[in-house]
1. Determine which aspartates and glutamates satisfy two conditions relative to residue 156: a Cα distance under 17 Å, and not lying fewer than 8 residues away in the same chain.
2. Using +1 at the Cβ of each Lys and Arg and -1 at the Cβ of each Asp and Glu in the chain, identify which of 102, 292, 76 lies farthest towards the dipole's positive end.
3. Translational diffusion coefficient of the chain at 37 °C, 0.692 mPa s, Stokes-Einstein with Kirkwood Rh over Cα pairs, in µm²/s as a whole number.
4. Among 217, 63, 320, whose Cα sits farthest toward the positive end of the charge dipole of the chain (+1 at Cβ of Lys/Arg, -1 at Cβ of Asp/Glu, about the Cα centre)?
5. What angle do you read, to the nearest 10 degrees and between 0 and 90, between the alpha-carbon axis of helix 177-188 and the longest principal axis of the chain?
6. Per 0.36 nm of contour for each residue apart, how much would the distance between residue 160 and residue 308 grow if the chain were fully extended, relative to their Cα-Cα spacing?
7. For the chain, what is the calculated [θ] at 222 nm in deg cm²/dmol (nearest 500), taking -39500 (n - 2.57) for each run of four or more DSSP H residues and dividing by its residue count?
8. Over the stretch 221-319, what is the relative contact order in percent, taking alpha-carbon pairs closer than 8 angstrom and at least six residues apart?
Amino acid sequence: MKWTLFIHGDSDGVVSGALAKAYLESRGYSVEVVFTHPVGLLGDLKGFVGDAEGVFIADIALNELHVDEILKFLRNLGESRSIVYIDHHPLPEGIDIPRNITWIHNNCCSASELTFKYFNSLGLDQEYSRVALYGAIGDYLDETPWVKQELSKWDKRTVYLEAGILIQGLEGSRRDHNFKRKVVEHLSRNLLPSTMNELVEKSLKQSIEDEKLRLWVKQNVSKHGRIAYVLNPPGSIGRAANYAKIYGNVLVGIAIEERREGLYVMSLRTDPPIDLNKILRKLSRELGVNGGGHPQAAGARLPKDMFSTFLDKLDKEISLFNL
Ligand SMILES: [Mn+2]
């Protein structure tokens, strides 16, 4: 009796996995954890579902390019197994959702919040709301009505301390899936992140790295109209994009990593009401490049020689907001 969990490796994904594990183990199942991402999901499903009788997927966006094939695969799997898919990333338009799977999708809030509500309704102990809060905070989705209500039931200062240790510790253990599995195990028992020494050490190291990154971005940021950007920052491009926005004092921040010769992989950050997901999906169709994500946190990848065209078009789209 086994379930396999396919989850994202950030704090929202890890927490979603821990909540699922806590519930499923309390019902007598064994649980296996696979870390994946939108582009790798289909391959990982094909490779790792094996003889599991249940499949849980959380915090993995459905990629425009693979969505039909993934849904077809899930529909087939749904004939013989239980499938639960929980996510909060905006969906591609016009998709055909399989009726034989449990489909929980809402842009309202974190995957952690959705996952907690789902398993709590099935009987997961209310005490696990604290674990769910860490995941919500990790995705900056800590101002939803549910989060505010639950935070008031704990000492919220210590919840933020614990969330910070988890978020920073995971950030500092990028591709170390074995370590992340241990974190899932730890959280699935509702143990505090601060009682896991290795996580605390990684989080403290990560904070030093982030401070270096912050100062580097402050000195190296370039501006283009309403956009500020940095190229090849020494650290996470998501964080660097946020700092570029702040220190460029503009509406949109971008951090770019030149992945291999001529390919720019970038992260973008903004504030409401600008919707980067909508803008990037539009530019993606116009320019034939990959792009999308959340409204205020998104990504794109394009050939280096298209970057200045991309910046011009993006700036024009932002100007439409008249901010
Ligand atoms: Mn998430």
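1. Filter leaves 113, 127, 139, 142, 143.
2. Projecting each Cα onto the dipole axis, the largest value belongs to 292.
3. 160
4. 217
5. 60
6. 49.3 nm is the gain from fully extending residue 160 to residue 308.
7. Result for the chain: -15000 deg cm²/dmol, rounded to the nearest 500.
8. 23
A short reminder: the numbers here are calculations on the coordinates, not readings from a lab. None of the values given here were measured: they were computed from a predicted structure. Cβ: placed from backbone, ideal geometry, glycine included. Neighbour counts: every protein chain shown.
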